[in-house]
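Since the structure comes first, as structure tokens, the remarks are kept for the end.
Read-outs: derived from the displayed coordinates by stated rules, not from any lab. Keep in mind that this is a model prediction, so the values were computed, not measured. All Cβ positions, even for glycine, are placed from backbone atoms using ideal geometry, and neighbour counts span all protein chains on display.
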Amino acid sequence: MNARFEPASRLRGRLTPPPDKSISHRAALVGAMASDPVCIRNYLHAADTESTLHAIGTLGAIVERRHSELVIRGGGLRNVQPPTLPIYVGNAGTLMRLLPGWLSFQRGHAFTLDGDESIRRRPVDRIAEPLHLMGATIEAREGRYPPFTVHGASLDGIVYELPVASAQVKSCVLLAGLTTDMTTVVEPNPTRDHTERLLARSGASIERQTLAGGQLQTTIRNADELELEVIDVPGDLSSAAFLITAGVLVAGSRLVLENVGVNWTRSGFLRIVGRMGAVVITDAEPDGTFSEQEPAAEIDISHGPLEGVEVGPEEVPLAIDELPLIALLGCFAEGETIVRGAQELRIKESDRIAAVVEGLRGLGADIEDAPDGFAVRGTGGLAGGRLQTYGDHRLALLGAVAGLASKDGVEVVDMEAATVSYPGFAEDLATLMP
């Protein structure tokens with residue numbers, strides 16, 4: 001279904017963004033791995049996260065829905081029920097890459113994972129390599145694509161240096177490391193740490209250390225069981241980022257977003273837009289903090305002039321999902337906005353570098369792609385037009401925000417893709433219109 005978004009005169013009001021998608025995935029997985037029932041409050045009910053609930057259900061967990069809460073009754077770390085059919089992950093890349101970490105130590109059992117057409121184009125070799133080094137086996141189509149089969153084994157601990165900073169690969173290895181004497185992951189740059197926080201709260205032994213070269217080393221040790229009673233999921237900063245961008249770009253706007261997760265490993269976008277000159281006020285978590293709790297805060301946004309900015313490789317992991325919005329903001333900024341080191345965007349739900357460049361150029365942007373990013377020359381705005389989403393929820397939301405800030409409006413092709421992460425986006429926007 002296509003949807004058209006006309007230019008907005010202003011946006012005003014308060015609202016709470018949907019629950020955090022990344023944390024919801026992880027909360028369901030850790031809940032299923034726990035020995036006792038786990039209550040999850042404010043779980044995101046969207047296409048991707050429903051795939052995670054379905055997956056843990058096929059592995060033997062019982063999911064009980066209680067109004068705004070979920071109660072998950074799993075069988076513990078080592079008591080997975082092998083399904084007779086492949087585990088269908090839908091379009092959920094996070095699920096596809098994290099779940100094998102748990103399945104890899106289910107000794108003597110094999111598990112096949114499959115997904116939709118988009119998932120079948122997303123490689124799994126980056127999780128297959130460390131799991132193979134630990135003693136598990138992954139058999140994948142063409143050696144690197146879904147569907148693929150995980151053969152569980154008794155695992156050995158390793159020290160693994162990530163070739164590319166990736167929270168999903170890191171999380172997979174740390175989950176697999178729960179049954180080893182000691183497993184260490186070294187990241188070239190810090191990435192989101194929701195998995196580590198949940199595991200630490202569950203009683204797992206987690207140690208973190210910043211190395212001399214700026215690398216972050218995380219070590220996990222053997223756990224007999226995980227115990228966790230309640231998980232509170234904050235609002236999703238990645239979803240809030242679309243509302244923040246709209247508030248910054250639409251003249252006369254003033255928005256307040258409530259209960260937004262401000263974990264420092266997720267708030268790179270806030271720091272970047274702050275450098276661009278946007279008025280975004282929040283009490284974000286200080287850089288380098290590691291706590292078992294996920295911090296949440298109120299974010300105050302208002303319209304203001306922007307300046308171009310350069311985003312380097314060290315910033316990319318902390319703002320990976322919001323980088324398309326930096327491209328959009330760059331269209332309205334004075335000067336040039338450049339993003340480098342973001343090659344990870346090419347293996348998301350779509351090739352997001354190519355799709356963002358094509359989409360914004362079609363709306364009137366002066367933008368060029370590079371192998372690892374893009375460069376935008378600010379022209380003061382966008383004319384409008386038609387934007388193809390390629391089934392990618394981030395592109396659908398990007399097109400909607402572009403329409404609000406454009407001169408003539410934007411038609412978003414397949415706006416339904418937004419339901420993956422923000423099912424009620426159009427309805428929330430309506431509450432902010434005068």
Principal-axis tilt of helix 352-362 within the chain, Cα atoms, nearest 10 degrees: 20 degrees
Can you tell me the FRET efficiency between Glu129 and Val71 if r is taken as the Cβ-Cβ distance and R0 is 41 Å, rounded to the nearest 0.05? 0.70
What ³J(HN,Hα) values, in whole Hz, does the Karplus curve 6.51 cos²θ - 1.76 cosθ + 1.60 give for segment 415-424 when θ = phi - 60°, with x put for Gly and Pro? 5, 4, 4, 5, 5, 4, 10, 9, x, x
What length, rounded to one decimal in nm, is gained on full extension from Gln293 through to Val164, with 0.36 nm per residue of separation minus their alpha-carbon distance? 43.8 nm
Residue by residue, what Karplus-based ³J(HN,Hα) values in Hz, rounded to whole numbers, does segment 142-158 have, using 6.51, -1.76 and 1.60 with θ = phi - 60° and x for Gly and Pro? 6, x, 7, 10, x, x, 9, 10, 9, 9, x, 7, 6, 9, 9, x, 9
Could you check the spin-label model distance between Ala110 and Ala430? Points 7 Å from the Cα along Cα→Cβ, value in nm. 5.1 nm
Can you list residues from other chains, or at least 5 along the same chain, whose modelled amide H is less than 5 Å from the amide H of Gly157? Asp181, Met182
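Quick one: if the Förster radius is 51 Å, what FRET efficiency do Arg120 and Arg12 give, using the C-beta to C-beta distance and rounding to 0.05?
0.75
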Non-local amide H neighbours of Thr265 (under 5 Å, H modeled in plane, Pro and chain starts lacking H): which ones? Asp193
Students often get this wrong: which residues of segment 229-261 have the backbone nitrogen under 16 Å from the point 7 angstrom along Cα-to-C-beta of Asp300? 248, 253-260
The answer for Tyr145, listing residues at least 5 apart or on another chain whose modeled amide H is closer than 5 Å to its amide H, is Val124
State to the nearest 20 debye the size of the charge dipole of segment 21-222 about its Cα centre, where the only charges are +1 on K and R beta carbons and -1 on D and E beta carbons. 360 debye
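Given 0.36 nm per residue, what is the gain on full extension from Asp181 to Glu314 after removing their alpha carbon distance, in nm?
Answer, rounded to one decimal: 44.8 nm.
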Report, to the nearest 10°, how far helix 47-58 tilts away from the longest principal axis of the Cα atoms in the chain, using its own Cα long axis and a range of 0 to 90°. 10 degrees
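Could you calculate the FRET efficiency of Arg41 with Asp366 from 1/(1 + (r/R0)^6), where r is the beta carbon distance between them and R0 is 35 Å, rounded to 0.05? Show your work: numbers first, answer last.
Working: r = 45 Å, r/R0 = 1.30.
The computed FRET efficiency comes out at 0.15.
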Once both axes come from the Cα atoms, what is the angle between helix 167-176 and the longest principal axis of the chain, in degrees from 0 to 90, rounded to 10? 10 degrees
